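Report on the following structure.
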Amino acid sequence: MNIEASLPEIGALVWRDQPAVRADIERIVGMWSGLLEAYGGPMLFGDFSIADAYFAPVCMRLATYHLPVPAGIEAYVERVRALPGVAAWITDALAECDFLDFEEPYRLRR
């Protein structure tokens, strides 16, 4: 996963052209919104749980592609990104210097 990428243009195209992506995001937003409301947040089941860790990569993809989600879900994504373990993952990924062009054909260099 490319943590440093910011691909809002790609996200806009995917959002426009891929109804399955829109349906997936709608399902995730519904699920997360329901859990945040039922358990009172700040995480899906109130306190941090394995569910939040499980969905951390999804949060990263939502942020990378700047996919449109309601403000409450955007705030949840940012809370997940700020968790100590996720923040360490982000920091370590940004420090990574290896770049293999065949793994990321849309990038020319690091």
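A few remarks follow.
- Here is the figure for region 20-76: residues that are part of a loop (DSSP other than H, G, I, E, B) and either farther than 22 Å from Met1 by Cβ or among the hydroxyl-bearing types (Ser, Thr, Tyr) (or both) total 5.
- The set of residues in region 1-17 that are at pLDDT 90 or above and surrounded by fewer than 14 Cβ atoms within 10 Å (Cβ to Cβ) comprises Pro8, Glu9, Leu13, Arg16, Asp17.
- Count of region 18-56 residues which are closer than 21 Å to His66 by Cβ, of a type in the set (Gly, Ala, Ser) and surrounded by 14 or more Cβ atoms within 10 Å (Cβ to Cβ): 2
- Sub-7 Å Cβ pairs linking a first residue in region 1-27 that is closer than 24 Å to Gly72 by Cβ and of a type in the set (Phe, Trp, Tyr) to a second residue that is part of a helix (DSSP H, G or I) and modelled with pLDDT of 95 or more, at least 6 apart or interchain, are Trp15/Val21; Trp15/Arg22, ordered by first then second residue.
- Boolean, Met60 is out of contact with any strand residue (DSSP E or B) (no Cβ under 6 Å at 6 or more places or on another chain), surrounded by 15 or more Cβ atoms within 10 Å (Cβ to Cβ) and at negative phi: yes
The values are calculated or read from the model by the stated rules, or taken from the named source; none is laboratory data. Since the model is a prediction, treat every value here as computed from it, not as a measurement. Using ideal geometry, Cβ is built from the backbone for each residue, glycine included, and neighbour counts are taken over all protein chains shown.
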